[in-house]
Structures are given as structure tokens and as C-alpha cells.
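Structure, as C-alpha cells:
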Amino acid sequence: MEAESIPSLSPLIQQADQWGEVLVLLPLLVALEAVLSADNAIALAAISRGLKNPEQQGQALNLGLALALVFRLGLIAAASWVLDFWPLQLAAAAYLLWLCGSNLLPLFNATDEDDEPATEAAEHPHHQRGLLSVVTTLAITDLAFSIDSVAAAVAVSDNILLVMAGGVIGVIALRLTSALFIRWLAVFRHLETAGYLAVGLVGVRLVLRLAAPQLVPPEWGLLLIVAVLFTWGFSERLPSPPPKPGDVTP
């Protein structure tokens, strides 16, 4: 979800005809993007954890989101074509649903394995992946999320530069929040599951937008569901791992 997609912001943004007013709105957009991109950010963080080296995780996020920014700006520039090309929207929905299902299944299986410690099950749901593979997956994932929001973003404002500024802000917010979620995923037991459930929710929304627009939930309802999911995601911490042989205890 993106800040530009909230209907209550539409009148405010539409009145920003002067660049001085736009500059006043940018801090608000930054704060909102940081909150509303949580479902996207947790997916990107979980994908980045496929790289066990923290330095490579940072590199993957930087490269993947730089490529994602190019995709976002291209989508905004070609918004009229994107909105009429339903196969692209269907492909984005199918990808998000696949991403949700393929990652939730090993998480649930890991939870059911009584002989594996909880921390191990939570930290190793994915196979080790290469840097190029992770960067590509990050860019495609953000592209799929962007298709969900580009229609609302363009409908809110016909100022293409303002909409593109919102896209840039969104990517910056994603980079910051994804780095936080990488750490939080190692601390909270249900957070990754909650994140991928939110990803699936976005995929279902895209399908409904194509097949049954009258059934698409209102924005406030979607935000409420995501808030409930993340409240549950942060509800339980993982137990601290046992000290390794040779560790010095205070």
C-alpha cells in the first residue's frame, strides 16, 4: 500500500498546485510511506534474509530497490497503458499469491517440527540464495506491489512530478523499514508469517479489482486488517538462543 492511495489525502494533494505547498506535503508523505509500506517492507526483508551475510543483505536491498525505483517511475510514466493492460495486473496478483504461499508453507512446516528449536526454525525457512537472485526477486516483488498502487496514485494527482516524488519517497522508506524488519524478523516469532499474509492480501485485492471491482474492500478496511496482522506479528518474541560453547557469560 502507498500513501497516495488513501482517499482522504486526495483533496490535500490536489490543492498542492504550487511547489511551496508540495514541499510542505513531502514530510507527511515520508511519514505515511514508512507506515503504509510495512507489508512490502517485510516481504523485502524476508527475501533479503536469504543472504546470510549482513553486508550482502544491505547490498541486495540497495541494488534491488534502485532497480525497483526505475520500475516504479516507468509504471507511473506508462500508467494509462498499465491500467488498461489487465494481463500485467493479473501476473502481479499471481506472483504475490505465489510469494505468499511458497513462503508460508515452509514457515508452517518449520513450526510443526517439534525436534527443531524455535529459533532455528524461524531463522532458516529459506534456502541459501545468490546475490543476483535476491536482487532480482526484490525488484520484481516491489514491481508487483507498485502495480497495486499506481492506479490510485495517478488518480489522486495529475502532477506527474509529484506522483514520481511519491514513488521516490516510497523506495527510500522501503529501504529504511526493510533494514529494521531484517532485525525484527530474528526477534518476533510470528512477524514473517504476518508479513506474508499481508502480501497475500494485496494479491487477493488485485484479483478482485480485475474480476469483481465491487468487492474490493475500502482502504480503511485493508489498513485495519494489516494493522491486526502486524499487531499479532509483534506479539511474541522468540526465545534467546542458548549460549555456544566458549561464550563468556557475565
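The values are calculated or read from the model by the stated rules, or taken from the named source; none is laboratory data. No experiment lies behind these values; they were computed from the predicted model shown. Neighbour counts are summed over all protein chains in view; Cβ atoms, including those assigned to glycine, are modelled from backbone coordinates with ideal geometry.
Residues in region 138-149 include at least one that is at pLDDT below 90, crowded, with 16+ Cβ neighbours inside 10 Å and acidic (Asp, Glu). Residues satisfying the criterion are absent from region 151-162 (criterion: of a type outside the set (A, V, I, L, M), in contact with a helix residue (DSSP H, G or I) (Cβ under 7 Å, 6 or more places away or on another chain) and modelled with pLDDT of 75 or more). Taking the conditions (1) modelled with pLDDT under 75; (2) closer than 19 Å to Asp142 by Cα in turn, Val22 satisfies each one other than (2). Listed by first and then second residue, the pairs linking a residue in region 96-107 that is within 15 Å of Leu138 (Cα to Cα) and without any contact (Cβ under 8 Å) to a residue 24 or more places away in the chain to a residue that is in a helix (DSSP H, G or I) and basic (Lys, Arg), with Cβ atoms under 8 Å apart and 6 or more places separating them unless they lie on different chains, form an empty list. From the list Ala45, Ala68, the lone residue that is at pLDDT 60 or above and in contact with a Gly (Cβ under 9 Å, 6 or more places away or on another chain) is Ala45. Figure legend. Inter-residue proximity from region 233-248: first residues modelled with pLDDT under 85, second residues in a loop (DSSP other than H, G, I, E, B), beta-carbon distance below 7 Å, spacing 6+ or different chains. Indicated pairs: Pro243/Thr249.
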